[in-house]
Structures are given as C-alpha cells and as structure tokens.
1. What's the total number of residues in the stretch 60-89 that are farther than 19 Å from D281 by Cβ, in contact with a helix residue (DSSP H, G or I) (Cβ under 6 Å, 6 or more places away or on another chain) and either of a type in the set (A, V, I, L, M, F, W, C) or in a loop (DSSP other than H, G, I, E, B) (or both)?
2. With respect to V56, determine if the residue is under 20 Å from M245 (Cα atoms) and crowded, with 22+ Cβ neighbours inside 10 Å.
3. Looking at V47, is it more than 19 Å from G147 (Cβ to Cβ), modelled with pLDDT of 95 or more and either of a type in the set (A, V, I, L, M) or surrounded by 13 or more Cβ atoms within 10 Å (Cβ to Cβ) (or both)?
4. Report yes if some residue within the stretch 203-214 is under 15 Å from the mean Cα position of the chain (by Cα), closer than 25 Å to A49 by Cβ and not β-branched (V, I, T); otherwise report no.
5. For the stretch 48-59, which positions are out of contact with any strand residue (DSSP E or B) (no Cβ under 7 Å at 6 or more places or on another chain) and outside any helix (DSSP H, G or I)?
6. Of all residues being free of Cβ contacts under 8 Å to residues at least 24 places away in the same chain and out of contact with any Leu (no Cβ under 9 Å at 6 or more places or on another chain) in the stretch 30-54, which is farthest from A83 (Cα to Cα)? Just the residue, please.
7. Would you pick out the residues in the stretch 104-127 that are under 21 Å from the mean Cα position of the chain (by Cα) and exposed (fewer than 15 other Cβ atoms within 10 Å of the Cβ)?
Amino acid sequence: MTVPHRRPIMLGLALSFILLAGSCREPSQAGQLKLYDLQTRRPIAGVQAMDALKSVRLVIVGEHHTDPSHHKAQLQIIRTMSAQSIPLSIGLEMFRKDRQEELNRWVSGDIDERDFEKIYLDNWNFPWALYRDIFITARKKKIPLVGLNVSREITRQVAQQGFSSLSESQRGELEGVSCNVTREYRDFIRSAFGAHGHGNMDFVSFCEAQLVWDTAMAMTALTYLEQHPDRVMVLLAGSGHARKMGIPYQVKSRSPIPFTVLLPYTPDIFEPDSLTAADADFIIMP
C-alpha cells in the first residue's frame, strides 16, 4: 500500500494543543467528546464531533487490546452516542457469532456477572477487567451486543496452514468469504501488524487469516444492520482490523451504508509514520 504524504509536525502541534486543553482526564470522564479530524487535520469537539457520528450507521472503533485507555475511549463513544438517544448496538470482535444467545441473555439480565465472565474468557484471551465497563454499560442501557467473530479453530488453522487447508464443512461457516490476498493487503498487514506480527507463521497464511477475520466480521455486521435498519452499530476491534484497509474495506466493497473509522490516541501519532485519512477518519482524543 502506498504510504501517503505525512504531516507529522503540524499534527503533533495540533494534538499537543488538544492535550493541553483537555488536561489529563480519562476519556470516559472528559465530558465533551474531542476528535482529531484526519481529513482536515483539525480538532473538532462537542456538537461538531457528534455530527460526524450521527450521519453514519457504522462506527468502527479500534483498540490495542491491553490498553485500558483505549477501552475507556470506546466507552466514551458508546455513552456519548447513547446520550443522544441514538439506537445503538455494539459489534464485538471479542465474541464469536455462534455465542450470540449468551450475549442476548447477558443484556437481558439472565446471566450473572460471574458466569458471564467465564463465557467471555472462553471467547477472548484478555482480562475481563479491561472490557467490564463496556459490557456493564450495554446491560444497563439494554444495548444489543453482537458477536462478529468466527471460531478460533478456523482462524488458527488458516494462519498455520492457509485458507486452502479448510474442509468443506469449515468453509460452510465462512459462506461468502473469499481469500484473495492482494499485494496491497499484504503491505497493509506489514504496516498494521509490523514485520514480526505473525510470529513464526508463514506470512501469506497470516495475511489470509487476517483477511478471513476482517471479511467475516464485516459481513456479520452488515447482516445485523440489514436486519435492524433502526440501529447504528459501534464496532469494537483491534486497530489493525479497524483501519480502513481492514474491516472498512470489506464493508465498503459490499454495501453503500455510511460508516466512519475512529482510532484511539496513542503516542506514536507524533512519529513520521503518523496516521492519515487513508488509515482512519478520526482520532479520539483524551
């Protein structure tokens, strides 16, 4: 993927101003939503920031899984939109779609937290405490939760042995998902996950696994939105999946629904390889 021209100095100055203005408050406690617009290279806040979210049906919000501040930023987006009476749903990379019934029971109050935490840990490998406030908020506000992921056995097998190794029955779970890893997508994976993000796996197989993941999550989100035309989805996923060449590309290639991509603030946006509008639409500022 061709790397667009960067403007790290101006971006750094603008973001420094926002950070000073907002002091050191946590995102979920900051009150007014503050975004940095990667298209105009300007900060927006309050009503202007909300207007950017009100005009879409899918808000894709990235994260580094182990960073608590990123989950607080995601929660701020959910709470801010909910406060505007936008009928929300929350799409989850963290849950497989075949566990949807358990998500429904959690939101309806039919599962206590101790039992649900066990279900969560069967789906995801990161501590419950990182995501707890998001799940609790969904339960309190009766916001539907939507599992987007495919079985870990499939993604693991693709990553280790390639897409062609899947059996006919396994591909049945991936109906409509193809695995054409283009040069542009390979370049994106190197950029998003780093040269060593695939560990000891074959790089092409790793790319195939990520593409299957991106495509399956996009298709599940679109199916939900088609079935629930009154809902807006806030989709939570790792920043590598959330960037525009990941899930958003798969959404755009299948549907005209309007969407936007938000990534949480990280210090590396001050580096020469800082984010641009080719990666996301906005950065969520502290």
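1. 1
2. Taking the combined requirement at face value, the residue does not satisfy it.
3. Here the answer is no, as V47 does not meet what is asked.
4. Within the stretch 203-214, not a single residue is under 15 Å from the mean Cα position of the chain (by Cα), closer than 25 Å to A49 by Cβ and not β-branched (V, I, T).
5. The answer is S55, and nothing else.
6. The extreme case among them is T40.
7. L121, D122, N125, F126, P127
So that you can scan it fast, the table gives a plain yes or no per residue for (1) out of contact with any Cys (no Cβ under 7 Å at 6 or more places or on another chain); (2) surrounded by fewer than 15 Cβ atoms within 10 Å (Cβ to Cβ); (3) modelled with pLDDT of 95 or more; (4) not aromatic (F, W, Y):
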residue: Q74; (1), (2), (3), (4): yes, no, yes, yes
residue: I90; (1), (2), (3), (4): yes, no, yes, yes
residue: D98; (1), (2), (3), (4): yes, yes, no, yes
residue: A129; (1), (2), (3), (4): yes, yes, yes, yes
residue: I134; (1), (2), (3), (4): yes, no, yes, yes
residue: T137; (1), (2), (3), (4): yes, no, yes, yes
residue: L145; (1), (2), (3), (4): yes, no, yes, yes
residue: V150; (1), (2), (3), (4): yes, no, no, yes
residue: I154; (1), (2), (3), (4): yes, no, no, yes
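The values are calculated or read from the model by the stated rules, or taken from the named source; none is laboratory data. Bear in mind the structure is a predicted one, so any value in this text is a computation, not a measurement. Cβ coordinates were reconstructed from backbone atoms using ideal geometry, including for glycine residues, and neighbour counts include every protein chain displayed.
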